[in-house]
Amino acid sequence: MTDERLQALHEHLAKTGERPVERTASRWLGEAEAVAADIAEGKLSEDVLTERLATVDHILSHVDSTDDAVADDHVEAACEIVDALLAER
């Protein structure tokens, strides 16, 4: 697993915070971003990393739409990264 993908995951979620997203989606995205920031910044054991990636995946499963096309693209990209990382486990 590369740090670049972990950084990209956090960056995609952080960029949703710059967009005018629907309030409920914003709350979920904020939680996912916080966990992704922890993942991107810290040296975590493989078990903890897998657990936190699964947490981000679970949180993002609650976001159907942000009501903003650009934010939706960032969410989709973040989901693809998480899916790929979890598939490697």
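Throughout, read-outs are computed from the coordinates displayed, never taken from laboratory work. These figures come from a predicted structure and were not determined experimentally. Note: ideal-geometry Cβ built from the backbone for every residue, glycine included; neighbour counts use all protein chains shown.
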Exercise for the section: Apply the Karplus parameterisation 6.51 cos²θ - 1.76 cosθ + 1.60, with θ equal to phi minus 60°, to every residue of segment 7-24 and state each ³J(HN,Hα) to the nearest whole Hz, in sequence, with x for glycine and proline. Expected result: 5, 4, 4, 4, 4, 4, 5, 5, 5, 5, x, 8, 10, x, 9, 4, 4, 5
Handout entry: Per-residue ³J(HN,Hα) for segment 67-76, Karplus 6.51 cos²θ - 1.76 cosθ + 1.60, θ = phi - 60°, Hz, x for Gly and Pro
Key = 6, 9, 4, 5, 5, 4, 5, 5, 5, 4
Fill in the blank from the handout: Which residues qualify? For Thr66, with a placed amide H closer than 5 Å and at least 5 residues away or on another chain, they are Asp72
Fill in the blank from the handout: So, over other residues within a Cβ distance under 15 Å of Thr50, counting Lys, Arg +1 and Asp, Glu -1, the net charge is -3
Practice task
Calculate, axis by axis, the spread of Cα positions in segment 1-47 along the three principal axes, and write the results as whole Å, longest axis first.
Solution key: 34, 18, 13
Problem - Note, ³J(HN,Hα) from phi for segment 31-38, Karplus 6.51, -1.76, 1.60, rounded to Hz, x at Gly and Pro - result: 5, 4, 5, 4, 5, 5, 5, 4
